[in-house]
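Below you'll find the structure, written out as structure tokens, and then a few comments.
The values are calculated or read from the model by the stated rules, or taken from the named source; none is laboratory data. Please read all numbers here as calculations on a predicted model, not as lab measurements. Every residue, glycine among them, receives a Cβ derived from its backbone with ideal geometry; neighbour counts consider all protein chains shown.
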Amino acid sequence: MELILDCGDYSLNSSLAPSFISSLYESLGSGAWVKVAGKLGGRLRLEQRGRRLIIISTAEISRAELEHIAILETGLWHEEFERGIGRLPAGFREAAEALAETYPGVRIPIAPWDFEHILMAVLLSKRASYEIVRRWCRRLWEMFQGDLRMLASAKPTALRRITRSYQLLDAVRSMRDLMRIVEEPRRIREEIIERFGAPREPLSSYILCMPPEAARVILLSAWGIGPKVADSTILSTFKAPHFIPCDVHLRKFITRLSLAEDFKMPEKSLCKRFLCNSEPALGLDPCPSRRCLRAILRPLGELGGWMQTLIYLHGKECCRSMKPRCDKCSLRRLCASSTSFQD
């Protein structure tokens, strides 16, 4: 089956490459990607030709379902984020305009049906380059046929065939601990259980049936899952573009452009007890921290996750920790640090 969609000023490569969804895909070059794991793994191909998106699948599904899957996994479910730049606070508006001009057509792909795959990819990304993570994921998907329960029960000797890095052993431990929540519901806040019932199998379906803010609280209850992992997972599986993973690229960008002062990175001890909102919800109180970067960035609204993605792209391309390419930076005039980092 083949579908052709008018995608306008959209970039498949720029949207998929920085997304954890790409851990389930292989790039064929020239704007073509084939899905290798997860839902429709081995039976879905995406290709952009100008303003057209070509979707090809050998799966026995309806055209409507195929289009639905493709729209979510490409990020076309959301309108152009550039339309909302004018509503941003002044400093962020100037930065967003420059980033959007440098990296046009970026959207936020999501794949809720591949929740566990995405979570594993995010867990593996702790202190590891995404290029290495993609290689690990490809071997994991092949070795365990996408069965993450089989992966969670794998012995260390089997895991070491993939990598001896601690990230994989830690990721598996986190997955195991999250799965145990079904057997130990007391670890979840009572307010969550009162509203959504006790956790059940499969846990991913239970999590996906609740608002992203509640899902975040559950993820944070597991060992090894902190604010960045929880936010990255939700950004890639929920329609929640206001979620902002606070990573090193974002911290560096905010500091160099002086967009916030005296801020702190999100802390798990607070994030798992409170909501990052100004008003109580879901029976949970708003977080008392006023210096948390995630709270400071709340005014970005639905552009938060999109802007973080652009900052990630910019961090890889120009705004590097070592030897930043200030001479090629489109935000040089806005950056107080640029003159200090000349090559």
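Criterion applied to Gly91, Gly84 was being out of contact with any helix residue (DSSP H, G or I) (no Cβ under 7 Å at 6 or more places or on another chain), part of a helix (DSSP H, G or I) and closer than 21 Å to Leu259 by Cα, and the one residue passing it is Gly91. Please indicate, with yes or no, whether at least one residue in the stretch 89-112 is of a type in the set (Ser, Thr, Tyr) and closer than 25 Å to Val34 by Cα. Yes: one or more hits.
Restricting the stretch 57-103 to residues that are among the hydroxyl-bearing types (Ser, Thr, Tyr) and surrounded by 19 or more Cβ atoms within 10 Å (Cβ to Cβ), the residue that is farthest from Leu46 (Cα to Cα) is Tyr103. Here the stretch 161-187 is the region considered, the condition is being buried (at least 18 other Cβ atoms within 10 Å of the Cβ) and not polar (S, T, N, Q), and the residue that is farthest from Asp285 (Cα to Cα) is Ile162.
Exactly one condition in (1) surrounded by fewer than 20 Cβ atoms within 10 Å (Cβ to Cβ); (2) touching a helix residue (DSSP H, G or I) at 6+ places or on another chain (Cβ under 6 Å) is false for Arg149; which is it? Just one mismatch for Arg149, condition (2). For Cys318, are the conditions met, namely being of a type in the set (A, V, I, L, M, F, W, C), out of contact with any strand residue (DSSP E or B) (no Cβ under 8 Å at 6 or more places or on another chain) and at pLDDT below 95? Yes: the conditions hold for Cys318.
Scanning the stretch 226-253 for residues that are under 14 Å from Pro18 (Cβ atoms) and of a type in the set (S, T, N, Q), we see that the one that is surrounded by the fewest Cβ atoms within 10 Å (Cβ to Cβ) is Ser232.
Number of residues in the stretch 118-132 that are more than 14 Å from the chain's Cα centre (by Cα) and either crowded, with 24+ Cβ neighbours inside 10 Å or not in a helix (DSSP H, G or I) (or both): the value is 3.
Selection within the stretch 274-318: residues that are assigned to a loop (DSSP other than H, G, I, E, B) and touching a residue at least 24 places away in the same chain (Cβ under 8 Å). The member of this set that is nearest to Leu250 (Cα to Cα) is Leu297.
Restricting Ala96, Ala90 to those that are modelled with pLDDT of 95 or more and not assigned by TED's automatic domain parsing to the domain that holds Ser258 reduces the list to Ala96. When each of Gly301, Gly305 is tested for being closer than 20 Å to Arg93 by Cβ and surrounded by fewer than 20 Cβ atoms within 10 Å (Cβ to Cβ), the lone residue that passes is Gly301.
Between Ala198, Ala158, which is exposed (fewer than 15 other Cβ atoms within 10 Å of the Cβ), of a type in the set (A, V, I, L, M, F, W, C) and within 30 Å of Gly283 (Cβ to Cβ)? None of the other options fit; the residue is Ala198.
Among the criteria (1) more than 21 Å from the chain's Cα centre (by Cα); (2) of a type in the set (Asp, Glu); (3) outside any strand (DSSP E or B), the one Glu79 does not fulfil is (1). Of all residues in the stretch 152-197, those satisfying the criterion of being polar (S, T, N, Q) and under 26 Å from the mean Cα position of the chain (by Cα) are Ser153, Thr163, Ser165, Gln167, Ser174. Is it true that Ala59 is of a type in the set (Gly, Ala, Ser) and outside any helix (DSSP H, G or I)? Yes, satisfied.
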